[in-house]
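Colleague: Below you will find the structure I want to go over with you.
Rule-based calculations on the coordinates, nothing more; no lab input. Not measured: the values here are computed from a predicted model. All Cβ positions, even for glycine, are placed from backbone atoms using ideal geometry, and neighbour counts span all protein chains on display.
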Amino acid sequence: MNQKLKQWVEEVERMCRPEAVHWCDGTAEEYDRLAKLMVASDMAKWLDERKRPHSLYFRSDPSDVARVENRTFISTPEKDDAGPTNNWIAPDELKRTLAGLYEGCMRGRTMYVIPFSMGPVGSPLSRIGVEITDSAYVVCNMHIMTRVGTRVLEALGDDGEFVPCLHSVGAPLEQGHKDSSWPCAPIEKKYICHFPAENLIWSYGSGYGGNALLGKKCFALRIASNMARREGWMAEHMLILRLIAPDGRKYHAAAAFPSACGKTNLAMVRPTLPGWKAECIGDDIAWITPGKDGRLYAINPEAGFFGVAPGTSRSSNPMAMDTLSGNCIFTNTVLTEDGDIWWEGMDVPAPAHAMDWKGRPWNGKSAEKGAHPNARFTVPAAQCPVISPDWEDPRGVPIDFFIFGGRRSSTTPLVTEALDWDHGVFLGATACSETTAANIGSVGNLRFDPFAMLPFCGYHMGDYFSHWLAMGDKLGKSAPRIFYVNWFRKDAAGRFLWPGYGENSRVLIWMCERAAGKAAAEQTPLGLMPPAGALDLSGLDVDARTMEELLRVDTAAWRNDLPGIEAHLARFGTRLPERIRRQFESLRERLAP
Ligand code: O2Y
Ligand code: MN
């Protein structure tokens, strides 16, 4: 037994005072036993075995439906080190507040100890965490999203390092009281806390998603971004995709998009050009390390997908729909009368008899949506029909190019290639997206989301830009190319110009051919772009004028954007790297009339 782990578990037990302690072994029997317990206590339902075998359905409390960015804290000793994009409370003060809340918070509940590995167990690129939680829902989700159990304890050994992740739903269960179907604490008592100096996570009050499955955003991004900076690697909010050319050559891309840009769809893209294939390696997070050959290698630290259900359909993402055939957990979707699930944008008629995500009778005719916009599926990645045979390769896959992107109805062209690494870092640093109904802010506002890491970078974002620049210096000529895409440009009538979905592969293929030194590009004020004819449009009903508009550099609109970009960069104060400021000045010069 790892002494540090034993000591920590005993300390937490003394503080939280659970009724029982259970060490998770990660077995299928454990999952099924907990599932049965939750079904028996009315927290969960089994879906119809013939329609969706071995799948569970949950409804959360209406106050606990998403990550809570305003209750998420990066608690560095110095406030400045958390930077302007994170909430900060001093570690001593935050720990005092949380210790008060944790005191006796697991009364009447079982405390589960979940040893988990982010990344294939034993890979040199993987890291171990241990989550302590009083939620059986969290245990079952962690079984799917990470590698859990005894084999992880074995890999940890007597003196291995682990990230302690403490979680409580914050709802002690008094004797004789019936448990709520989704215990949690009110919003002002929810705290999602990160202590990067100690690699420590404390989460209290929420049972949902990224607030509670602590391997995901808390560990694999916020804490791991700190570890990566210290140790010389990168923890990124990126999908990982393999493209295979007709001649068998493999290319690997890592891509970062803010929410509502179709990230999971792209991770499972079906190329439409004959002979090309794609395989999914990950849909959300990439851990990327320089290899001995000087190239970057990426692993997906997760073992499952925790995807947004609404909008997922046979037309938007057939591979995800096939992945969801069984062994899933659905949270906050519609529950149909015949024991299956449904959501808006599923592209099948709404059920005539169902219950909505709040448990009310629902028939598809009411004004209110049946599924919550952030309703989720949790499913093993291995079930994806296009998962790569190498998705668990402990060495990772070599990255040929990075892609950044955002949703913009105007201004940003379909694709641009960075002029060099520094310019690519500038593209990542100034990535922005229009907000949609499904994400925060009012609809259509432009939100800067550097590297899609705004809510996930666990330290000062200016220092994070510096880390990217330093990585480029280290990689030199082996540095991947960097591209920026916008699938969402619209015409004057508000119609999308680009068909998107599988057709996005045509743009990815141009990137592969750029990486292979085979495709042409022309210089523009924004960077390198495909000249007319460079994108393979065979069999696609997009005319030359539409393509011209998709690739048009609207210098006037860009000049208009410059003050916003400048103000965004100014937020990082003296920690904005001089090289990024120079990139901004160069852009301004290239756009000058
Ligand atoms: O709302 C939540 O708790 C989940 S957020 C999430 C889940 C899976 C993948 N990405 C995200 C995200 O917010 O980027
Ligand atoms: Mn994400």
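Colleague: Residue by residue through the range 205-212, what is 3J(HN,Hα) from phi via Karplus (6.51 cos²θ - 1.76 cosθ + 1.60, θ = phi - 60°)? Round to whole Hz and write x for glycine and proline.
Modeller: x, 10, x, 9, x, x, 6, 10
Colleague: Moving to a separate point now. Report relative contact order for the range 163-295 in percent, whole number only (criteria: Cα-Cα under 8 Å, sequence separation at least 6). Each step should come with its number before you reach the end.
Modeller: Details: 218 pairs, mean separation 26.4, N = 133.
Relative contact order, the range 163-295: 20 percent.
Colleague: Determine the dipole magnitude for the range 304-383: charges of +1 sit on the beta-carbon of Lys and Arg, -1 on that of Asp and Glu, nothing else is charged, the reference point is the Cα centre, and the result goes in debye to the nearest 20.
Modeller: Dipole about the Cα centre, nearest 20: 200 debye.
Colleague: Near the amide H of Trp23, under 5 Å away, which other amide H atoms are found, from residues 5 or more places off or on another chain, if H is placed in the peptide plane?
Modeller: Correct list: Val113.
Colleague: Taking Cα atoms, how many degrees apart are the long axis of helix 28-40 and the longest axis of the chain, rounded to 10 and kept between 0 and 90?
Modeller: Orientation of helix 28-40: about 70 degrees from the principal axis.
Colleague: To the nearest 10 degrees, how steep is helix 578-591 against the longest Cα principal axis of the chain, on a 0 to 90 scale?
Modeller: 40 degrees
Colleague: Something else now. Can you give me the C-alpha center-to-center distance between the range 515-593 and the range 259-293, rounded to a whole angstrom?
Modeller: Each part's Cα centre sits 23 Å from the other's.
Colleague: Now for a different question. Convex hull over the alpha-carbon atoms of the chain: what's its volume per residue in Å³?
Modeller: Per-residue hull volume (Cα only) is 152 Å³.
Colleague: Sequence-distant or interchain residues sharing an amide H contact under 5 Å with Ser410, placed H: which?
Modeller: Placed amide hydrogens put Lys490 under 5 Å from Ser410.
Colleague: Then there's this: Once you keep just the Cα pairs under 8 angstrom separated by 6 or more residues, what percentage relative contact order results for the range 304-383? Mind dumping the intermediate values first?
Modeller: Details: 155 pairs, mean separation 34.9, N = 80.
With pairs under 8 Å counted, the relative contact order is 44 percent.
Colleague: Another question, then. May I ask you to list the GluC sites (Glu not before Pro) in the range 68-99 that are in a DSSP loop and have at most 16 other Cβ atoms within 10 Å of their Cβ?
Modeller: Glu78
Colleague: In whole Hz and in residue order, list the ³J(HN,Hα) couplings for the range 283-296 that follow from phi through the Karplus curve 6.51 cos²θ - 1.76 cosθ + 1.60, θ = phi - 60°; x for Gly and Pro.
Modeller: 10, 9, 9, 10, 9, 10, 9, x, x, 4, 7, x, 8, 8
Colleague: Largest first and in whole Å, what are the equivalent-ellipsoid semi-axes of the range 206-322 based on the Cα gyration tensor, each being the root of 5 times an eigenvalue?
Modeller: Semi-axes from the Cα gyration tensor: 25, 22, 9 Å.
Colleague: In the range 444-522, which trypsin sites (Lys or Arg not before Pro) fall in coil by DSSP and have 11 or fewer other Cβ atoms within 10 Å?
Modeller: Arg495, Lys518
Colleague: Also, quick follow-up: Along the Cα→Cβ direction, 7 angstrom out, place labels at Asp541 and Asp25. What is the inter-label distance in nm?
Modeller: Once both label points are built, they end up 5.9 nm from each other.
Colleague: Counting other Cβ atoms within 10 Å, keep those with at most 10, restrict to DSSP loop, and tell me which trypsin sites (Lys or Arg not before Pro) in the range 186-255 are left.
Modeller: none
Colleague: How many angstrom separate the Cα center of the range 171-200 from the Cα center of the range 94-165?
Modeller: The range 171-200 and the range 94-165 have Cα centres separated by 15 Å.
Colleague: Same structure again: Hey, fewest Cβ within 10 Å first, where do Glu198, Glu13 land in order? Let's see the in-between values first.
Modeller: Values: Glu198 12, Glu13 16.
In increasing order of surrounding Cβ atoms, one gets Glu198, Glu13.
Colleague: Another question about this same structure. Quote the relative contact order of the chain in percent (integer), defining contacts as alpha-carbon pairs under 8 Å separated by 6+ residues. Before the final figure, lay out the partial values.
Modeller: On the way: 1292 pairs, mean separation 84.1, N = 593.
RCO, the chain: 14 percent.
Colleague: Non-local amide H neighbours of Leu200 (under 5 Å, H modeled in plane, Pro and chain starts lacking H): which ones?
Modeller: For Leu200, whose amide H was placed from the backbone, the distant partners under 5 Å are Phe195.
Colleague: I've got another one for you. If you plug each phi of the range 372-382 into the Karplus form 6.51 cos²θ - 1.76 cosθ + 1.60 with θ = phi - 60°, what whole-Hz ³J(HN,Hα) values come out, in order, with x for Gly and Pro?
Modeller: In residue order, the calculated couplings are 5, x, 9, 4, 10, 10, 10, 8, x, 4, 4 Hz.
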